[in-house]
Amino acid sequence: LYLLLVLTYPCSAVNTPASRPVTRRSKSYGRSCVEAPSYFWQTPGHLTVLKIPTSRGAARSQLITNKVDPEHIALLVKNEWKLSYVTPLHHFRHTQLKSYSKHLAAFIAAEKQQGVAVEVGLEVGFKVTFTAVLGLAETDEDAETVFIQIQSKPVFAAAADAPKVVWRGWLTCVNGDPEYLRSLPPDFVSLPLFCTSGPESLTTLVKSWFERAFDCNFGSLALNSTTLNWLAALWTGCHSTCNIRYLKLAWSLPTQPPLDVSYTVNPQDAWELWNSIHPEESTDDKIDIKEVQSFINGLETHFFRHFKIYLSAGTLVKVSTALGSAHLDGKIKIGNGDYITTLLTLLTESALLKMPT
């Protein structure tokens with residue numbers, strides 16, 4: 001294996017959440033802290049148990065532009081997105097997106113007028129656009145993705161100058177747990193994964209508006225090492241059909257002082273290791289978590305032979321290939337739209353599991 005080692009001192013320690021089944025009631029959606037309580041959250045729902053899958057299908061390329069508008073895919077790839085989870089939205093309607101655009105723009109303008117800081121400079125106003133991204137949904141239970149874009153125009157800009165995009169975000173659900181989604185009352189739509197790119201002040205305002213309008217709650221979505229292990233294995237398995245160009249992994253080790261280790265593996269060598277664990281010609285399309293663990297263990301063992309450092313004593317914090325990247329702190333980048341379903345399936349799962357009980 002070709003190795004590139006980078007050691008960094010110091011770094012902050014990162015804790016990996018324990019992986020366990022999550023039990024929740026499907027109607028425990030939480031309340032906005034702004035509005036008076038309503039009867040919606042009191043409606044009883046049957047008990048739903050969400051379990052972390054121990055196996056999943058291998059990543060498969062699909063010509064995503066056959067299902068999704070290429071312009072919409074272009075909005076999702078290449079940017080870095082910060083992840084949050086959001087509880088189900090009450091009375092959200094995809095047919096009302098134009099109305100939502102006007103209401104959110106008015107809300108942001110009103111908040112700024114009242115002195116709320118918005119970190120994008122001097123603007124004469126904001127234009128908000130809600131767009132349905134059709135085709136990302138994989139099942140009948142998945143709601144269609146919604147993309148939100150905020151534009152502004154500086155006070156001193158020329159009349160002919162186009163507004164500047166200052167914030168982007170999108171809500172999605174891809175291969176969401178069918179039992180959980182079917183358990184929701186008909187007035188609720190689940191788009192549990194919220195991805196944002198732009199000033200945190202605007203993100204806060206957008207979340208506040210959603211909470212008031214749709215009786216929902218947001219929370220930060222950190223990933224765990226198990227999810228990163230899955231992505232490393234699934235993306236590496238794609239190398240024979242789509243050159244992943246590199247496999248880069250980063251660990252944080254609990255030494256004194258703490259130590260960051262960056263580990264770059266030749267993609268062909270990484271694929272050969274993976275293929276020795278899960279042969280490409282295998283008739284079983286399912287990948288088991290034990291195979292994923294064997295793959296990561298193989299990389300760690302090879303690293304130890306060279307540098308006498310036990311990566312298994314630390315925490316895997318980042319995985320990246322040409323297909324995408326993901327960080328433990330909840331930041332992701334989509335590098336190739338044709339493999340977007342694999343990534344969004346894992347992230348939807350993580351968002352549903354993270355929601356409060």
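No lab work stands behind these numbers, since they all come straight from the coordinates. Because the structure is a prediction, the values reported are computed rather than measured. All Cβ positions, even for glycine, are placed from backbone atoms using ideal geometry, and neighbour counts span all protein chains on display.
For this structure, a couple of remarks:
- With semi-axes defined as the square roots of five times the eigenvalues of the C-alpha gyration tensor, the equivalent ellipsoid of the stretch 55-220 measures 29, 20, 14 Å, largest first.
- Per-peptide average of other Cβ atoms within 10 Å, ordering 340-346, 131-137 highest first: 340-346, 131-137
- Rounded to the nearest 0.05, the FRET efficiency derived from the C-beta distance between ASN79 and GLN293 at R0 = 30 Å is 0.45.
- Difference of contour (0.36 nm per residue) and Cα-Cα distance, LYS333 to HIS306: 6.7 nm
- Over the stretch 187-342: Rg over Rh, Cα atoms, Kirkwood Rh: 1.04
- GLU71-GLU280 pseudo-label distance in nm [points 7 Å out on the Cα-to-Cβ vector]: 3.8
- Anisotropy class of the stretch 212-276 from Cα gyration tensor, a/c 1.5 cut: oblate
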